[in-house]
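Please read the structure below before turning to the comments.
Computed from the coordinates by the stated procedures, all read-outs in this text should not be read as laboratory data. Quantities reported herein were computed from a predicted structural model and do not represent experimental measurements. Here the Cβ positions follow ideal geometry from the backbone for every residue, glycine too, while neighbour counts run over all protein chains shown.
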Amino acid sequence: MKKNDWKDRLNVVYSTNPNFNYEVDDEDTPDHETLAPAMQNLRVQLDRKQRGGKTVTLITGFKGSDDDLKDLGKFLKTKCGVGGTAKDGEIIVQGDFKQKIVELLKSEGYTKTKPVGG
C-alpha cells in the first residue's frame with residue numbers, strides 16, 4: 001500500500017515533467033549561521049508593555065540560530081537567578097537586570113552590547 005503523502009506535497013503546484021521527484025526538506029526553517037560574539041550588535045532595555053505592569057529586561061538584535069539564542073538566554077537567566085524566555089530573536093529576562101546583563105554580555109565577548117533607554 002502506498003503512503004498517502006499529500007500533506008508533504010502541499011506546496012507543489014504542478015509539474016509536467018514525468019520524471020519529477022518531489023524532495024521533502026527535513027527542516028522547515030533554514031539554520032542561520034551565528035555571528036561571533038564580537039560581531040553581535042545587542043541592545044538591552046527595560047520593558048513593561050503588555051506584561052501586566054511587570055518589568056522585564058529585553059535583549060534584542062541577536063543574529064544566529066535558535067539553539068544559540070536559547071543557550072545565551074539560559075546563561076543569562078541562570079546568572080540572574082530568574083526566569084524568562086528566548087524566542088523570535090529576542091531574550092526576555094524577568095525583572096530589572098539591565099546593568100548586570102550588560103556586564104555579563106561584555107564579559108562573554110559581546111563587546112557591541114549597548115543599554116537602551118533610561
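Taking square-rooted eigenvalues a ≥ b ≥ c of the alpha carbon gyration tensor, is segment 26-115 rounded, prolate or oblate, where a/c under 1.5 means rounded and, failing that, a/b exceeding b/c means prolate?
Oblate, since a/c reaches 1.5 and b/c is not below a/b.
Modelled label-to-label distance, Lys70 and Lys106, 7 Å Cα→beta-carbon offset: nm?
With each label point 7 Å from Cα toward Cβ, the separation is 3.1 nm.
In segment 31-106, which GluC sites (Glu not before Pro) are in a loop and have at most 13 other Cβ atoms within 10 Å, using DSSP for the loop call?
Glu33
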